[in-house]
């Protein structure tokens, strides 16, 4: 049915990766090469993309946004860090009590593995994700300055405030071992909150969020946005009215993809194949 359309489109094929986190845990990932990629032709920009959940997983599925990035000249790295499903119970619950620790080590090990095996321009790397991936984006920019730009979608910054406004407080009680009025819960919620670690952030960041999101209320992104602007970090906030955690209208999805491409272009400036 789509033969004529597909005849004019060049797709990239993902390459499976296997690497080890600092504690020895084996992690699976994939690299989607950029259009025109060939080793030795000069460094390519790379975008690290992180899935939601955290108990989700990337797999053998078609991703329009990943193919769009590859078609625009970006290497696209995506991995299944601790908390991802499909690798056993220990792996699935590897972030219990503390998001942002084992999972952060895993995704950064993937970045190092990609740099070792592909011709990546380390000065033009971006990081992005939506929902849990947005949370992990906020965490990454508060723990490293290796990325030239970030895009945080439906992102959490403060687990204590999120507990009281999101539609799933029970998840926080199980993942962080208690509510914020109990000592153990408060300690875990705070130590995994990116806003607590925001001092010294330097990564230019775009925030995209639906104003009617009940799973991750928009005040979560507002907090992180303010933290960056207070420190004179380039930041932009694009808000979508009447939009929830999912199920956005097609044109709002198109607009979001467009502004994200503009952000990557502004901060990563990919070379075209004709420039190489």
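The values are calculated or read from the model by the stated rules, or taken from the named source; none is laboratory data. None of these values were measured; they are calculated from a predicted model. Reconstructed Cβ throughout: ideal geometry from the backbone, glycine too, with neighbour counts over all protein chains shown.
Restricting to the stretch 198-221, what's the tally of residues that are assigned to a loop (DSSP other than H, G, I, E, B) and either at pLDDT below 95 or closer than 12 Å to residue 244 by Cα (or both)?
8
List the number of the failed condition for residue 187; all other conditions in (1) without any contact (Cβ under 8 Å) to a residue 12 or more places away in the chain; (2) part of a loop (DSSP other than H, G, I, E, B) hold.
All conditions pass for residue 187, except number (2).
Applying the selection to the stretch 91-110, what residues are assigned to a helix (DSSP H, G or I) and either modelled with pLDDT under 95 or touching a helix residue (DSSP H, G or I) at 6+ places or on another chain (Cβ under 9 Å) (or both)?
Correct list: 103, 104, 107, 108.
Test residue 15 against the stated conditions and say whether it is closer than 15 Å to residue 114 by Cβ, free of Cβ contacts under 8 Å to residues at least 40 places away in the same chain and out of contact with any helix residue (DSSP H, G or I) (no Cβ under 6 Å at 6 or more places or on another chain).
Answer is yes for this residue.
Among (1) loosely packed, with under 15 Cβ neighbours inside 10 Å; (2) in contact with a strand residue (DSSP E or B) (Cβ under 9 Å, 6 or more places away or on another chain); (3) modelled with pLDDT of 95 or more, there is one condition residue 242 misses while meeting the rest; what is its number?
(3)
Considering 253, 224, 257, which residue is in contact with a strand residue (DSSP E or B) (Cβ under 8 Å, 6 or more places away or on another chain), surrounded by 13 or more Cβ atoms within 10 Å (Cβ to Cβ) and in a helix (DSSP H, G or I)?
224
Which number in (1) in contact (Cβ under 8 Å) with a residue 40 or more places away in the chain; (2) under 21 Å from residue 199 (Cα atoms) marks the one condition that residue 80 misses?
It fails just one condition, (2).
Determine which member of the set 41, 66, 72 is within 15 Å of the chain's Cα centre (by Cα) and either over 25 Å from residue 90 (Cβ atoms) or without any contact (Cβ under 8 Å) to a residue 12 or more places away in the chain (or both).
Checking each option against the conditions leaves just 66.
Yes or no, residue by residue, for (1) out of contact with any strand residue (DSSP E or B) (no Cβ under 8 Å at 6 or more places or on another chain); (2) assigned to a helix (DSSP H, G or I):
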position	(1), (2)
114	no, yes
126	no, no
144	yes, no
163	yes, yes
167	yes, no
173	yes, yes
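Suppose the filter is buried (at least 24 other Cβ atoms within 10 Å of the Cβ), within 14 Å of the chain's Cα centre (by Cα) and at negative phi; does residue 176 pass it?
Judged against the criteria, residue 176 is not a match.
Counting only residues that are assigned to a loop (DSSP other than H, G, I, E, B) and in contact (Cβ under 8 Å) with a residue 60 or more places away in the chain, which one in the stretch 175-184 is nearest to residue 100 (Cα to Cα)?
Going through the qualifying residues, I end up with 176.
How about the stretch 1-59: which strands (runs of 3 or more DSSP E) wholly inside it have at least 1 residues that are farther than 22 Å from residue 146 by Cβ and at pLDDT 95 or above?
15-20, 26-32
Hey, does the stretch 146-153 have a residue that's more than 26 Å from residue 245 (Cβ to Cβ), touching a helix residue (DSSP H, G or I) at 6+ places or on another chain (Cβ under 9 Å) and in a loop (DSSP other than H, G, I, E, B)?
Within the stretch 146-153, one or more residues are more than 26 Å from residue 245 (Cβ to Cβ), touching a helix residue (DSSP H, G or I) at 6+ places or on another chain (Cβ under 9 Å) and in a loop (DSSP other than H, G, I, E, B).
Read through the list (1) within 26 Å of residue 168 (Cα to Cα); (2) without any contact (Cβ under 8 Å) to a residue 40 or more places away in the chain, then give the number of the only condition that residue 209 fails.
Residue 209 satisfies every listed condition except (2).
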